[in-house]
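For reference, the structure is listed below as structure tokens.
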Amino acid sequence: MKAIECLKYGEVDNLVLSHVKKPSPKANEVLIKIHATSVTTSDVLIRRMNEPFIPKLILQLIFGFGRPRNPVLGMVTAGIVERKGKDVTLFEIGDEVFAYGSISPTKLRFGSYAEYICLPEDWNLALKPVNLSFEEAAAIPYGGLLATHLLKKTSINKGDNVLIYGASGSIGTMVIQLAKHLGAHVTSVCSGRNFELVTSLGSDKVIDYTIENAEKQLERYKYVIDAVGNSKSSILKEKSKKVLALNGKYISIDHGTPLTPKEAFFNLKRLAEQEKLRPVIDRVYSLEKMAEAHKYVEMGHKRGNVVITI
């Protein structure tokens with residue numbers, strides 16, 4: 001089968017189109033013919049592997065030294081069940097499914113930058129929402145699960161003021177929608193070109209962090225949610241840490257290890273089916289254009305998700 005392999009850590013040139021052995025499902029696994037996957041910020045971080053020494057050492061202990069232990073990256077899958085193991089009871093051949101290759105920090109499975117992948121039936125794997133295309137389904141798991149992880153650290157009540165920094169990315173666009181679902185009054189921080197997008201997702205107020213004195217638009221917030229982490233900062237971001245209401249909380253995607261429990265995954269599926277959660281797709285590339293897709297994500301200005309069709 002065709003797959004994109006990361007031959008070694010570093011530049012996008014290390015992502016090459018290869019032919020590798022098609023996997024066979026174990027007794028509790030399904031073989032999925034992949035129709036769409038996505039390129040996430042985490043994928044780029046793993047491919048580059050240019051973090052400071054200690055974080056880099058930890059990452060390479062997890063993923064491999066010099067090159068990824070599994071050279072086929074990617075954790076998001078949307079496709080059709082082609083075969084199933086003898087013990088599989090939850091899925092049938094022909095089922096349209098979507099998945100995320102992680103159910104805990106120690107249970108990870110890469111390999112969606114390819115035509116096929118095998119996943120255990122009891123992982124974050126479910127029937128694809130019928131109202132979504134494969135591309136749209138591939139735009140839900142990564143941002144949705146990380147957004148859920150951030151919001152798990154809150155106790156949002158109806159009307160609570162919530163500020164979202166980095167609101168137009170894959171995580172931020174999901175935080176907006178999930179926070180609104182919980183009843184929050186949402187202020188989104190992004191560049192002016194993304195105002196229309198974040199407003200369409202439910203933002204009540206928008207702030208352009210690129211303009212002079214943008215921090216003067218800040219109010220008091222029960223929660224300030226940083227959806228981009230230490231990779232990006234601004235005067236407004238630093239000031240936002242000081243405008244918390246009494247018992248308010250600043251929450252960053254860089255704080256703690258993100259959890260991806262099954263109940264969170266199935267909640268995203270339910271909300272998508274109810275049309276209360278809308279996936280946002282910026283660009284779509286073919287598998288052969290993976291390096292180009294990585295280069296675009298690496299620029300750090302994508303709106304929502306970058307999807308790969310296979």
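The values are calculated or read from the model by the stated rules, or taken from the named source; none is laboratory data. Everything quoted here is computed from the prediction, not taken from an experiment. So basically every Cβ, Gly included, is an ideal-geometry build from the backbone, and we count neighbours across all protein chains shown.
What to note about this one:
- For the stretch 62-90, a residue qualifies if it is crowded, with 16+ Cβ neighbours inside 10 Å, at pLDDT below 90 and under 23 Å from S104 (Cβ atoms), and the qualifying residues are F63, G64, P68.
- Hey, V12 in contact with a helix residue (DSSP H, G or I) (Cβ under 6 Å, 6 or more places away or on another chain) and more than 18 Å from A137 (Cβ to Cβ) or not: yes
- Complete set of residues in the stretch 176-212 that are out of contact with any helix residue (DSSP H, G or I) (no Cβ under 9 Å at 6 or more places or on another chain), of a type outside the set (G, A, S) and loosely packed, with under 14 Cβ neighbours inside 10 Å: R193, E196, E212
- Of the residues examined, L125 is one that is within 22 Å of L268 (Cα to Cα) and either modelled with pLDDT of 95 or more or of a type outside the set (S, T, N, Q) (or both).
- Members of the stretch 26-56 that are at pLDDT 90 or above and of a type in the set (V, I, T): V30, I32, I34, T37, V39, T40, T41, V44, I46
- Among residues of the stretch 176-196, those that are in contact (Cβ under 8 Å) with a residue 24 or more places away in the chain, under 22 Å from G248 (Cβ atoms) and out of contact with any Leu (no Cβ under 6 Å at 6 or more places or on another chain), counted: 10
- Qualifying residue in the stretch 128-139 (condition: in a loop (DSSP other than H, G, I, E, B), at pLDDT below 95, over 30 Å from V206 (Cβ atoms) and more than 17 Å from the chain's Cα centre (by Cα)): no
- Hey, P23 of a type outside the set (A, V, I, L, M), touching a strand residue (DSSP E or B) at 6+ places or on another chain (Cβ under 8 Å), modelled with pLDDT under 95 and in a loop (DSSP other than H, G, I, E, B) or not: no
- The stretch 82-107 - residue that is part of a strand (DSSP E or B) and without any contact (Cβ under 8 Å) to a residue 40 or more places away in the chain and, of those, nearest to T40 (Cα to Cα): K107
Residues are listed down the side, and each one gets a yes or a no for (1) under 20 Å from the mean Cα position of the chain (by Cα); (2) assigned by TED's automatic domain parsing to the domain that holds H294; (3) touching a residue at least 40 places away in the same chain (Cβ under 8 Å); (4) within 22 Å of G79 (Cβ to Cβ):
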{"site": "Y9", "(1), (2), (3), (4)": "no, yes, yes, no"}
{"site": "N28", "(1), (2), (3), (4)": "no, yes, yes, yes"}
{"site": "A36", "(1), (2), (3), (4)": "yes, yes, yes, yes"}
{"site": "P52", "(1), (2), (3), (4)": "no, yes, no, no"}
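Every residue, every condition in (1) of a type in the set (D, E, K, R); (2) at pLDDT 95 or above; (3) closer than 30 Å to G101 by Cα, yes or no:
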| residue | (1), (2), (3) |
| --- | --- |
| I164 | no, yes, yes |
| I171 | no, yes, yes |
| K205 | yes, yes, no |
| V224 | no, yes, yes |
| K239 | yes, no, no |
| R270 | yes, yes, yes |
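- Every residue from the stretch 257-310 that is within 19 Å of S200 (Cβ to Cβ) and acidic (D, E): E275, D282
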